[in-house]
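Some notes on the structure that comes next.
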Amino acid sequence: AATGSFKIGILFFVVFIAYGQTLQMYFLIDDNALIYKLQHINEYSGFWGKGIIGEGPYRHIVVQFVPFYPIFGINPAPYFAVGVLFYFLAGISLYIFVNFLTKNNLIALGASAIFASGYVGSESMFGIVNSWQTTRGIIMTLITFGLFYQYIKTKNLIFYLLSVILFFFSLDTVYIRAHGLIFAILLFDVLFWPVLPKIY
């Protein structure tokens, strides 16, 4: 069996092959609006809204970029590097989640390697706004599912409360990516809740 560091190395290699070239890209569509917003942080700016927090479905998205702009300005490479790092962390999160469900290292590694190859939804990685919020949404979703699954298995209310808190945190901070999460959780509940209907 592959050691933990070897598995991490495999995932990092696959992610880098899939998205390493984004480090040579420049800001794209929404990214330009983001840079403008970062340069005029207190002004009202389209769907970003007013101020750092913003409003509507895109609220909180600007917040994550605020510490980076004074350091990196309009140099896109560091922003895309963070996007690749987030994607790598999403791959690690998927490995942990699938391994948690299946108790099978090979299945977990295969699933996370397929995800890391990035062919499905790859366009979301071609801009920093999409990549940062999408991968953060994926990570928080997998943690939410993991906590909820732990509640299903143990009936410990702490896990349920943590999953609910993270669910609403996801809705608030990456709403545009997480607003459909309720349907995924309901399906997850149907698949994994160990209760069989009684037939009389």
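The values are calculated or read from the model by the stated rules, or taken from the named source; none is laboratory data. Remember, it's a predicted structure, so these values are computed and weren't measured experimentally. Cβ placement follows ideal geometry from the backbone for every residue including glycine, while neighbour counts extend to all protein chains displayed. Ligands, DNA and RNA are stripped out before the accessible areas are found, and what is left, the full protein with its side chains, is counted by its heavy atoms. Shrake-Rupley method; radii C 1.70, N 1.55, O 1.52, S 1.80 Å.
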Listing of helices (runs of 4 or more DSSP H) fully contained in the range 54-125 that carry 2 or more residues being closer than 19 Å to V174 by Cα and in contact (Cβ under 8 Å) with a residue 12 or more places away in the chain | 76-102
Give the residues of the range 132-150 that are over 17 Å from H179 (Cα atoms) and either among the small types (G, A, S) or open to solvent by less than 40 Å² (accessible area, probe 1.4 Å) (or both), sorted by residue number.
-> G146, L147, F148, Y149
Within the range 111-121, can you find the residues that are surrounded by fewer than 15 Cβ atoms within 10 Å (Cβ to Cβ) and within 14 Å of the chain's Cα centre (by Cα)?
-> G121
Across the range 93-110, which residue is most open to solvent (accessible area, probe 1.4 Å) among those that are of a type outside the set (S, T, N, Q) and within 17 Å of M140 (Cα to Cα)?
-> I96
Pick from the range 27-53, criterion in a loop (DSSP other than H, G, I, E, B) and within 22 Å of the chain's Cα centre (by Cα), ranking: modelled with the lowest pLDDT | I29
K7, sole failed condition from (1) crowded, with 19+ Cβ neighbours inside 10 Å; (2) among the basic types (K, R); (3) under 24 Å from A178 (Cβ atoms) | (3)
